Amino acid sequence: MRIDEYRKYDGLGLAELVANGEVTPRELLDCASAHAKSVNPALNAIVRPMREQAEQRLSGTLDGPFAGVPFLIKDLSQDYAGLPTSSGSSSLTDLPMPEHSTVVQRWLDAGLVIFGKTNTPEFGAKGITEPTVFGPARNPWDRSRTPGGSSGGSAAAVAAGIVPVAGANDGGGSIRIPAACCGLVGLKPGRGLVPSGPTFGEAMHGAAVQGVVSRSVRDTAAMLDVLAGGEATSGYSPARPDGTFLSRTNKDPKPLRIGMRAVTSVNPTPDPQAVAAMEQAANILTDLGHTVEFLDASPYDDTSLNREFLLAWFTYLAWEMDEVKRRTGCSDDKFERDTRIMAALGRSASGVDYLEAVEGRHKHVRALATYFETYDLLLTPTLADLPPKIGAFELAKPLQLASELLLRSRTAGVLRYTGIVDQMIDDNISWIPYTQLANVTGRPALTLPVHWTPDGLPMGAHFTAPLGGEALLVQLAGQIERAAPWAHRDEALD
């Protein structure tokens, strides 16, 4: 199979070719591997090849809805037994994991052939993918720009045609941000629908969830069918809709009422191309018979939400860094400077501060519940700005020197009382202020690639749904994909 033929199909399409005997899993793996060898040196999407493991898979029987389809998993929270999960950190590059993550086992049970792990920022703590240990991943649409994060390696690999769908996860936008940066479909399931076991019962108090990035709505829906459902170690027994998520993609939803807003307190002047992505989605929705209305005010307090989100994130990162040190015996110099700064800020918060940030999510849940009494969905841009240039968020030299001094003297917590923290928040959140809402409240959310800039960069439109709204999201996404297909955009990558 030639790469131009391979890239015409989504994951379910490739699986159908295998099922019909038109192509073998080995032919697909050889095609994907050859393409990866060609493009990955420039993109740095795959950081751990797994050809040996893939060959072992080919020697056995492959069953399931994606039988024989090449696949990549993210090198964060998607453990493959016997291999390290580096989490983008030099501290974990040599520590093999004892067992498969539940989602990895479910992908294997679905017949996928995993042949590599993808690039991610250290501990997934950024919306860009530029880990020191592996170097930056790059956006196939413009290699000077980020593919987003933290699932940036997976998104770059899918956008470049190495695989049609890849493993991802999302603790603050890490599925949807890279999907938007790379012109892909990105669905964040709601809290508890997809398990995080067996290592975690509920990562980041349920804010972090597992999923995929893909090129087609039906692959995203079929993958949710593969992954959804609790396990013995889950904190919940999640409700499922009647039928499959995949079956919903070919059925138009009833006419919906959707509120729309691009302005946030974190970024009151989003880039015109971000607004254009939202408005393009609104135009498509209106043509399809849905009602879209501008919102005069935000339906939730986005200022407090982002501050609470980051405080909880910094505190969780401090715990994670300490946990890695306990497991490996490594020293602080095994972690990136930015990670150590964020962890120091987390340690400077009191237990009451942390609990206030975590409990604060309930006021945002209530605000959304009130909003959804009137509207079916919330529409925003996915990104408030174009995908940043590689290296755009490097700390200024004076700040690098000051922070290193404070870290060495174990007084980095004083940064909390300076304007530096606000500057870090503005720099790192202002271009992605929309995605954290769904993580904090546990609601499902989706980005779709409905807009490209005049320079050929993708920009996504973002939908937040009420509790249990995954079926509605894939149903609407299928309708939008039929009305304004994006698959032909792959031609720009030839």
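The values are calculated or read from the model by the stated rules, or taken from the named source; none is laboratory data. Quick caveat: nothing in here was measured; it's all calculated off a predicted structure. Every residue, glycine as well, gets a Cβ built from its backbone with ideal geometry; the counts of neighbours run over all protein chains shown. Surface areas here come from the heavy atoms of the whole protein model, side chains and all, with no ligands, DNA or RNA. Shrake-Rupley method; radii C 1.70, N 1.55, O 1.52, S 1.80 Å.
Annotations for the structure displayed:
- For beta carbons closer than 8 Å, sequence separation of 6+ or different chains, a first residue in the range 313-336 that is closer than 14 Å to Ser87 by Cα and a second that is open to solvent by less than 60 Å² (accessible area, probe 1.4 Å) and basic (Lys, Arg), the qualifying pairs are Met321/Arg340.
- Gly243, sole failed condition from (1) at pLDDT below 95; (2) in contact with a Lys or Arg (Cβ under 9 Å, 6 or more places away or on another chain): (2)
- Scanning the range 224-241 for residues that are assigned to a loop (DSSP other than H, G, I, E, B) and either open to solvent by 20 Å² or more (accessible area, probe 1.4 Å) or touching a strand residue (DSSP E or B) at 6+ places or on another chain (Cβ under 6 Å) (or both) yields Gly230, Glu231, Ala232, Thr233, Ser234, Gly235, Tyr236, Ser237, Pro238, Ala239, Arg240, Pro241.
- Of all residues in the range 365-386, those satisfying the criterion of being of a type in the set (A, V, I, L, M, F, W, C) and either more than 22 Å from the chain's Cα centre (by Cα) or closer than 11 Å to Pro299 by Cα (or both) are Val365, Ala367, Leu368, Ala369, Phe372, Leu378.
This table checks each residue for (1) of a type outside the set (S, T, N, Q); (2) surrounded by fewer than 20 Cβ atoms within 10 Å (Cβ to Cβ); (3) farther than 22 Å from Ala110 by Cβ.
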| position | (1), (2), (3) |
| --- | --- |
| Asn20 | no, yes, no |
| Leu28 | yes, no, no |
| Ala32 | yes, no, no |
| Glu52 | yes, yes, no |
| Ala81 | yes, yes, no |
| Ser90 | no, yes, yes |
| Asp94 | yes, yes, yes |
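- Leading residue by the ranking (nearest to His364 (Cα to Cα)) among those in the range 274-318 that are in contact with a Gly (Cβ under 9 Å, 6 or more places away or on another chain) and hydroxyl-bearing (Ser, Thr, Tyr): Ser304
- Helices (runs of 4 or more DSSP H) within the range 242-356 that include 1 or more residues of a type in the set (Val, Ile, Thr) and open to solvent by less than 50 Å² (accessible area, probe 1.4 Å): 272-287, 302-328, 337-348
- Restricting the range 443-467 to residues that are part of a strand (DSSP E or B) and of a type in the set (Val, Ile, Thr), the residue that is nearest to Thr374 (Cα to Cα): Thr464
- Criterion: open to solvent by less than 10 Å² (accessible area, probe 1.4 Å) and over 13 Å from the mean Cα position of the chain (by Cα) - qualifying residue of Ala166, Ala179, Ala203, Ala221: Ala221
- For the range 131-159, a residue qualifies if it is part of a loop (DSSP other than H, G, I, E, B) and open to solvent by 10 Å² or more (accessible area, probe 1.4 Å), and the qualifying residues are Thr132, Val133, Phe134, Gly135, Pro136, Arg138, Pro140, Trp141, Arg143, Ser144.
- Evaluation of Gly211 against (1) buried (at least 24 other Cβ atoms within 10 Å of the Cβ); (2) in contact with a helix residue (DSSP H, G or I) (Cβ under 6 Å, 6 or more places away or on another chain) (one fails), failing number: (2)
- Here Asn40 meets each of (1) surrounded by 18 or more Cβ atoms within 10 Å (Cβ to Cβ); (2) in contact with a helix residue (DSSP H, G or I) (Cβ under 7 Å, 6 or more places away or on another chain) with one exception, condition (2).
- Any helices (runs of 4 or more DSSP H) falling wholly within the range 358-434 and containing at least 3 residues that are modelled with pLDDT under 95: 397-408, 420-429
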